[in-house]
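The structure under discussion appears below in the form of structure tokens.
The values are calculated or read from the model by the stated rules, or taken from the named source; none is laboratory data. Please read these numbers as outputs of a predicted model, since none were measured by experiment. Backbone-built Cβ (ideal geometry, glycine too); neighbour counts: all protein chains shown.
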């Protein structure tokens, strides 16, 4: 039994095409000022024809392995969180496995909307701790541009595409206190109609577009996210003052700012990418994490809390010592 699992490497991938607010304003009734005032978003990345869920996930995963100083031979599990898989089956995780040339172990997708990466990280942590896996790629990869109703200014301006990944391995004596301290997951199916996609492979009569009650999602978000972060801190006998970095789900700048205030954190300790990435759903937390680790903000020994809330309704947190 492993005492703790460690995030050994991080990586991300963003599509080449960048779409600013002004470009959107040429096709829908909106303005750059309207979008920024309500969301904090200035631009988003939109996937091209070849930039699929698996394509982006594989590139983020390869970057995470390189960052960890590991190779594909060190991987025995691939867990990919997505609401926009390339196919109903096989799982996009297995397409990533094939793309990277991984020849052993197993893989599967996790569907928990914007909370998907936190859910997938919790599964990986449990598998490593119990010895079922020794090297897990945990990926969030989303192509929300393909489920947007581009005539609905209330939703289409909010989302973007991208992928982020981490490589999780067993901790060793040399890691000291590093590792995933705990993860905390929640869901409330009765709130499923607040944020959903109106269709699926099994429902051909539906549009397949994202539908959201933004006001109600916002109302639930801050309270539930604050509670699940406090749950993680209490489980480890820590307080707000112990947090070095908050890496939140990048849904809306107002929600992010409210979370920072709830945790008594100055803005300098909150990682924000929503202005440039928009909401990339399950990819948003690992993309933000990869950026903050890559530019040196998150350092070894830092205590990082990650949180997300998404359709389902699902929400969760992870407390990690880097």
Requested in this report: Would you be able to say whether some residue in region 215-237 is under 29 Å from residue 84 (Cβ atoms), assigned to a loop (DSSP other than H, G, I, E, B), more than 18 Å from the chain's Cα centre (by Cα) and at pLDDT below 95?
Outcome: no
Query - Any chance residue 144 is buried (at least 24 other Cβ atoms within 10 Å of the Cβ), at pLDDT 95 or above, more than 21 Å from residue 9 (Cβ to Cβ) and touching a helix residue (DSSP H, G or I) at 6+ places or on another chain (Cβ under 9 Å) - result: yes
Query raised in the report: Only one of 185, 246, 195, 158 is in the same structural domain as residue 97 (by TED's automatic domain parsing) and either touching a strand residue (DSSP E or B) at 6+ places or on another chain (Cβ under 6 Å) or at pLDDT below 95 (or both); which?
Result: 158
Query raised in the report: Picking from 176, 239, 214, which residue would you name as being surrounded by fewer than 13 Cβ atoms within 10 Å (Cβ to Cβ) and touching a helix residue (DSSP H, G or I) at 6+ places or on another chain (Cβ under 8 Å)?
Result: 239
Report task. Working only within region 147-173, note down all residues that are closer than 26 Å to residue 234 by Cα and surrounded by fewer than 24 Cβ atoms within 10 Å (Cβ to Cβ). Result -> 169, 170, 171, 172, 173
**Report entry** Conditions (1) outside any strand (DSSP E or B); (2) within 24 Å of residue 193 (Cα to Cα); (3) in contact with a strand residue (DSSP E or B) (Cβ under 6 Å, 6 or more places away or on another chain); number of the one not met by residue 309
**Finding:** (1)
Query raised in the report: Restricting region 118-145 to residues that are under 13 Å from the mean Cα position of the chain (by Cα) and not in a helix (DSSP H, G or I), which is farthest from residue 246 (Cα to Cα)?
Result: 143
